[in-house]
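To start, the structure itself, in C-alpha cells.
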Amino acid sequence: MMVRIITALIALIMTATLSVTLAQAQQGPLRIEITEGVIEPLPFATPSFVPENGESAEMGAQLASVVAADLQGTGLFRQIPSSAFISTVSDFGAPVQYADWKAINAQALVIGAVSVAGNNLTVKFRLYDIFSGAELGSGLQFQGTVEGWRRMAHKVADAVYSRITGESGYFDSRVVFVSETGPKIDRKKRLAVMDYDGAGVKYLTDSSSLVLAPRFSPTGDRVLYTSYETGFPRIYVLDVGNVKRRVLESAQGSMSFAPRFAPNGQTVVFSQATGSNTDIYTMDVPSGRATRLTSAPSIETAPSFSPDGNNIVFESDRSGTQQLYIMSAGGGEPKRISFGQGRYGTPVWSPRGDLIAFTKQSKGRFHIGVMRVDGSEERLLTASFLDEGPTWSPNGRVIMFHRETQGAAGRSSLYSVDITGRNLRPVRTPEGGSDPSWSPLQK
Amino acid sequence: MNTGQVISATGHAALIGWLMFGGVFRAEQLPIKATEVSVISGEAFAAMLAAQDAPRSSTEVAQPAQPNIENEAVDVPQPDTTPAQEIPVVAQAPSADDAPDMTDLTPLPEAEVSDEAPVLPTPEPEVSVVAPVTSDRPVPRPSDRIAPEPVAVPEPEARPDPVQQDAVEQADTGEAVAEPQDATAPDEATSEIVTEAEQPAAALETSIRPPARRPTRPAVQAAEAETPTPPEPADTSSAVNDALAEALGQAGDAPSAPSGPPLTAGEKDTLRVAVQKCWNVGSLSSAALETTVVVAVSLAQDGKPLTSSIRQIGSEGGTAASVEQAFATARRAIIRCGSSGFKLPSDKYDQWKDIEMTFNPERMRIK
C-alpha cells in the first residue's frame, strides 16, 4: 500500500514538472495580437492617364487630376506628386515597376488610359496594390461623352475608393442648394445644382422669390423645395431634368414647409402650420392625399425618414426646449432621443441608418453633430457662429452643411466634414450657398 | 487561458482521474476473524465477579538511589578585601556671630492710611475684532481659452544714470528696433490651441462610449486552441509509466514545438510595435473596423516576410467584403514594415519563422 502511494506521488511530481515544461515551450507558430494601428492618409499615385490617340492627350492629365482631387479630398488618401515619380507610365498594358513605386512609398497606383472618338470618350483604369505586388480588382472601362468627362473621372475615383476602403464612394453625385448673393438684409436666393465638389453649377430657379430647403428625391431626378412665391410658403416638386415644377397643395390657410421625400420616392413628409400650431404630415404625391402624424400643441418640424422608411425623426419643443424625437412612420407616440444641453434641430437620418446628423445650438454656438439613433454617442463635429442644415453623402461617410459668418456682411457657404470630425473643408461655389441636399450616386 | 495552462490542467485532471479510478488508493480487503462468544445470565456474571480476589495494595515502593556526594572540599572564593577609604576632614564649626549693634537704628516711618478708595485708571477700550463675513463660494469665471491679446510689455522702470552721458544724435537711417520679447499670456490663458475639429470644448458634452466587449478569439483559432482529447491510459502496471505516457501522449498530439528558447516578452513587443506602426486603418470602412482577422506569415531568416506565405486563417465580425479589406490592410502592414526585415534574434529563428498575427481594430474604431 505504502509503495503505491509513494509511486503515485512521484508520478504526480513528474507529471507536474513535465506539464510546466511543456506549457513554457511554444506550441506551433508564434502568436501576437496587434491592437494599435495608425490613422493616416494612404499614399497613392495617379500618373496622367495614357492617351490612346491624339485627341485625348490633354484629357489624360485632366482625368487624373480629378481622380486625385476626389481621393485626396476625402482625407483618407494622400497624393504623391508627379515630380517624385521614378517610373513613367506610357503604356496602359505595360508591367508595373513595383520597386519604383515602392521606393516612393506609394501604396496604391492608379493607371488609366483615355481615348476620344468624336464626341465619345472612353476611360479605363487599373488599380495596383504596390506592396502586395498585385492588381487590386480588375480593370474597368467607362464610356460616355466628352462633355461628361468629369463624371467619368468621378466614377473612376468611386471605384478606386470602394476597392481600397470597402465602402461605396460618393464622388459621382450632385448637390442641390440655395445659391445666395447680396448682403443679409437684401439677400437673393435661388436654387442651384452642382457636382459634389462644387463644379458644374446650374441654376434651377431665379431669385425673384425666396426659396428654402431643397431636398433631392431618392432617385435624384426630382427636388422638393419651399417657395414664398405667393407670399405664403408652399412646397413645390421640381423635375431636375426639364426644370418643370408643380405645387403640392396644402390645406387652406395653412403654411407648408420643411418637405422631405420618403425612401419610396412617392411619399413626402412635411410640416404644416395652422394658426400657432405646427404638426407633421405625410402626403402621397400622386394622389395628393395628406395624413396628419402629430397632433401636439407644440411645434413639430424638420421630419426625416429612416432609410427603411419605418420611422421618422423630427424636432419638437414639446418638452419646453427644442429636442429630437423618433416616431413610427405612421405616427404614434414619439420617443425623445436627445437629452444634452442646448437645442437640437434639423435631424437627418444617415443613409446607413446607424446615425442621425443634427444641428445643435449650445452656449451661443452652433454645432453639426451626429448621434446614434437611440441618442447615444453624441459627437459634435463642428463649432462656429452658425452651422446648420446637415446633409449626408450617399455612403454616409461625409456630412455637408452651411456655415454663415458673423456681421452684416456675413457670407453663407458650404462645408463638408467627415463623420469622425476630421477633414473639415469648404466646398467652393461661385456664390454663397446654404441648405445643401446631397443626391444619391448617379447611375 | 493559454496553452500552458491548458496542458497543465489537462495533465493534472488526467492524473487525478487515474488516481481516483485507477485503483491506487483502493484498500485491500482484510481477512475477517470469527470469534465464538457465549451468553451468560446476570446472576452467573455476579457470581463470577464475587469469586475473584479483591485487589491487593502494594506497599513496596522502589526508593530512588541516593546520589553520591563527593566529600572533596570545594574552593570557596575569598571575599574581596575592603578598600581603604580616606577619612574626611571635618570642617571646623563656625563661631556664633556677635550681637549686632542696635543703637543707631532709625525708627520706621508710620504708614499713611487713607480712607478714600483709590481711583483706578480707566482701561483702554478694547478693540473688538469683527469676524469677517463669510463670502459665498467664488463662482469660477469663464475665461478665454486663448488670450485674445498678449499682455503689453511693461514699461521699464526709470533709473537715473549716475554718470551723465552725452546725448547721442539719432542716425538718419537707424530706427530703434525693439528686441523681441515673449508676450506674456494672461493668468487664465492656456498654452493649448483649440481647433474646431479637435473640439475639446464639446468633449464634455459628448456621451462616453462604454468600453466594447473584448471579442473572443476567432472561431478558427478557438478550434485550433481546443485541447486534444487525451488518449486512453495504457494498461501498464507501473503508475509512473502511466503518468509519463499521458503527458507524452499530449505532447505528441500537439503541433511540433519549435526547439530552442522562446521569445521573450520584450522581443514579442518589438515585433508587435514594428507591425502596428505600418497598420494604417485610416482608409478602412466602418465595417472593416469591426472586423478582426488572423493572418499567418512565414519569415525568412533575415526577418523578411515571405509574401507568398501571407494568408488569412481566421476572422471575426464584419462582412465578406470587410474581411477582405481588413486582410488587405494587414497584409500591407506586414509587407511594408517587414521589407527591411523584422528585428528578431537570429538564434531563435525556429521560434519566429512562422507567426500568426491577430489584427484587432477594436481600439481604432470611430469614437
Just give me the residues in region A:364-378 being assigned to a strand (DSSP E or B) and not hydrophobic (A, V, I, L, M, F, W, C), in sequence order.
-> A:Arg365, A:His367, A:Gly369, A:Arg372
Looking at region A:97-113, is at least one residue among the aromatic types (Phe, Trp, Tyr), at pLDDT 90 or above and not in a strand (DSSP E or B)?
-> yes
Does A:Thr382 satisfy the criteria of being among the β-branched types (Val, Ile, Thr) and within 15 Å of A:Val313 (Cβ to Cβ)?
-> no
Return yes or no: is A:Asp418 in contact with a His (Cβ under 8 Å, 6 or more places away or on another chain) and within 28 Å of A:Leu191 (Cα to Cα)?
-> no
Output yes when any residue across region A:273-294 is within 27 Å of B:Ala287 (Cβ to Cβ) and crowded, with 16+ Cβ neighbours inside 10 Å, and no when none is.
-> no
Within region A:341-363, can one find any residue that is among the basic types (Lys, Arg), open to solvent by 60 Å² or more (accessible area, probe 1.4 Å), closer than 18 Å to A:Phe401 by Cβ and not in a loop (DSSP other than H, G, I, E, B)?
-> yes
When you go through (1) modelled with pLDDT of 95 or more; (2) facing another protein chain (nearest Cβ under 7 Å) one by one for A:Val66, which number turns out not to apply?
-> (2)
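The rows are residues; the columns are (1) assigned by TED's automatic domain parsing to the domain that holds A:Asp158; (2) modelled with pLDDT of 95 or more; (3) under 27 Å from the mean Cα position of the chain (by Cα).
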| site | (1), (2), (3) |
| --- | --- |
| A:Thr15 | no, no, no |
| A:Leu18 | no, no, no |
| A:Leu22 | no, no, no |
| A:Thr46 | yes, yes, yes |
| A:Glu55 | yes, no, no |
| A:Asp91 | yes, no, no |
Return yes when A:Phe125 is more than 14 Å from chain B (Cβ to nearest Cβ) and under 19 Å from B:Ser283 (Cβ atoms) and no when it is not.
-> yes
Taking A:Gly139, is it open to solvent by 10 Å² or more (accessible area, probe 1.4 Å) and without any contact (Cβ under 8 Å) to a residue 24 or more places away in the chain?
-> yes
Listed residues A:Ser416, A:Ser412, A:Ser393, A:Ser376; which is among the hydroxyl-bearing types (Ser, Thr, Tyr), over 16 Å from the mean Cα position of the chain (by Cα) and closer than 26 Å to B:Ser286 by Cβ?
-> A:Ser376
From the list A:Ala153, A:Ala103, A:Ala157, which residue is at negative phi and surrounded by fewer than 24 Cβ atoms within 10 Å (Cβ to Cβ)?
-> A:Ala103
Counting only residues that are within 7 Å of another protein chain (Cβ to nearest Cβ) and in contact with an Asp or Glu (Cβ under 7 Å, 6 or more places away or on another chain), which one in region B:244-283 is modelled with the lowest pLDDT?
-> B:Pro258
Members of region A:237-265 that are in a strand (DSSP E or B) and open to solvent by 70 Å² or more (accessible area, probe 1.4 Å) = A:Arg245, A:Arg246
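The values are calculated or read from the model by the stated rules, or taken from the named source; none is laboratory data. Bear in mind the structure is a predicted one, so any value in this text is a computation, not a measurement. Glycine also receives a Cβ, built like all others from the backbone with ideal geometry; neighbour counts cover every protein chain displayed. The protein model used for the area step is the full one, side chains on, heavy atoms only, and it has no ligands, DNA or RNA in it. Shrake-Rupley method; radii C 1.70, N 1.55, O 1.52, S 1.80 Å.
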